[in-house]
């Protein structure tokens, strides 16, 4: 069992492709702890952080919406060569829950939404595929990526949780929905990138070392 008392599952090898999962990347935040620069636009391995966080979803075939807010035009420009949709969160200063709400709205016609964070450039496409494959083959309604049993991101929610996600307020994501789902679980990915976000300049330096 994990530290959240959620079961830890090993992912199946393949997807069934029997569901529609919409990818959402949260990229609206203020980057206030990073300093004067927008951390999403800093470079890792020659690409902006937000590009590195978004491309794995596209690599496994997920139609993806990026939620914009702070410096929306600059973030949009950083992703100009990726085939993504954009949705602007005008209330981004009110916390992450507002971006989650916009992401769920973008996924309104999908069976499930996979939510990734725009400041996590080290997540592997294999991890994204593992989450979707586990959802398709187990039917569990709430899943989070894990490394060595520790919960991380991205997270995936079946549409039965969409209303609960849109009801969240403040600077929170979907943790409470995951833990309260009843059938929530962690998916062991073997990917340390699911635990690494870029919060402070030192985190970015660590991420660059991991890339080498």
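Structure notes:
- Hits in segment 73-92 - residues which are closer than 13 Å to residue 26 by Cα, outside any loop (DSSP other than H, G, I, E, B) and touching a helix residue (DSSP H, G or I) at 6+ places or on another chain (Cβ under 9 Å): 75, 85, 86, 87, 88, 92
- Of the residues making up segment 118-152, those that are surrounded by fewer than 23 Cβ atoms within 10 Å (Cβ to Cβ), touching a helix residue (DSSP H, G or I) at 6+ places or on another chain (Cβ under 7 Å) and under 17 Å from residue 62 (Cα atoms) are 124, 125.
- Residue match in segment 33-40 (condition: part of a loop (DSSP other than H, G, I, E, B) and at pLDDT 95 or above): no
- For segment 73-88, the criterion of being under 17 Å from residue 171 (Cβ atoms) and either in contact with a strand residue (DSSP E or B) (Cβ under 7 Å, 6 or more places away or on another chain) or surrounded by fewer than 21 Cβ atoms within 10 Å (Cβ to Cβ) (or both) is satisfied by no residue at all.
- For the condition farther than 21 Å from residue 162 by Cβ and buried (at least 16 other Cβ atoms within 10 Å of the Cβ), residue 63 does not qualify.
The values are calculated or read from the model by the stated rules, or taken from the named source; none is laboratory data. Being a predicted model, the structure only gives us computed values, none of them experimental. No Cβ is skipped: glycine too gets one built from the backbone with ideal geometry, and neighbour counts run over all protein chains shown.
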